[in-house]
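Data block below; observations after.
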Amino acid sequence: QVQLVESGGGLVQPGGSLRLSCAASGGIISVNAMGWYRQAPGEQRELVAWITSGGGTYYVASVKGRFTISRDNTKNAVYLQMNSLKPEDTAVYYCNTPAAIKFAWGQGTQVTVSS
């Protein structure tokens, strides 16, 4: 059973950058599309970026041009480079497959954008 562990969050000022990592164990994720989700307090979890098994990338409008998703199949990992961060990016970030049948959710990593 695949286990996902997210890391790399923190407190950053508006305009700053963070790089999130998602490490998978217990199974291979290279054949799966993978995505980054976020959940702000009082809101539903939303998918903001995803990458196909072939490397195609997709973003929601609110993060396009600022976030970059990538994957390293040799490390069974997925990454999210976040630049030009805004206060509205504040949320807990999770990785998982965007497919209907998902892996167990990890604990997420908190990203707080504030001056």
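The values are calculated or read from the model by the stated rules, or taken from the named source; none is laboratory data. In this text the structure is predicted, and so the values were computed from the model without any measurement. Don't worry about glycine lacking a Cβ; one is built from the backbone with ideal geometry, like all the others, and counts go over all protein chains shown. Just the protein is used for accessible areas: all its heavy atoms, side chains included, with ligands, DNA and RNA removed. Shrake-Rupley method; radii C 1.70, N 1.55, O 1.52, S 1.80 Å.
Does segment 79-115 hold any residues that are within 10 Å of residue 4 (Cα to Cα) and either among the aromatic types (Phe, Trp, Tyr) or open to solvent by less than 30 Å² (accessible area, probe 1.4 Å) (or both), and which are they?
94, 95, 96, 103, 105, 106, 108
Output the residue which, of all residues in segment 3-21 that are assigned to a strand (DSSP E or B) and surrounded by fewer than 18 Cβ atoms within 10 Å (Cβ to Cβ), is modelled with the lowest pLDDT.
Residue satisfying both the conditions and the ranking: 3.
I'd like the full set of residues that are touching a residue at least 12 places away in the same chain (Cβ under 8 Å) and either out of contact with any strand residue (DSSP E or B) (no Cβ under 6 Å at 6 or more places or on another chain) or loosely packed, with under 14 Cβ neighbours inside 10 Å (or both), limited to segment 44-56.
46, 52, 53, 55
With the requirement that a residue be closer than 11 Å to residue 69 by Cα and polar (S, T, N, Q), what does segment 34-56 give you?
Matches in segment 34-56: 52 only.
Of the numbered conditions (1) more than 24 Å from residue 114 (Cβ to Cβ); (2) open to solvent by 60 Å² or more (accessible area, probe 1.4 Å); (3) within 15 Å of the chain's Cα centre (by Cα); (4) charged (D, E, K, R), residue 75 fails exactly one; give the number of that condition.
(3)
Can you pull out the residues in segment 28-43 that are open to solvent by less than 20 Å² (accessible area, probe 1.4 Å) and assigned to a loop (DSSP other than H, G, I, E, B)?
29
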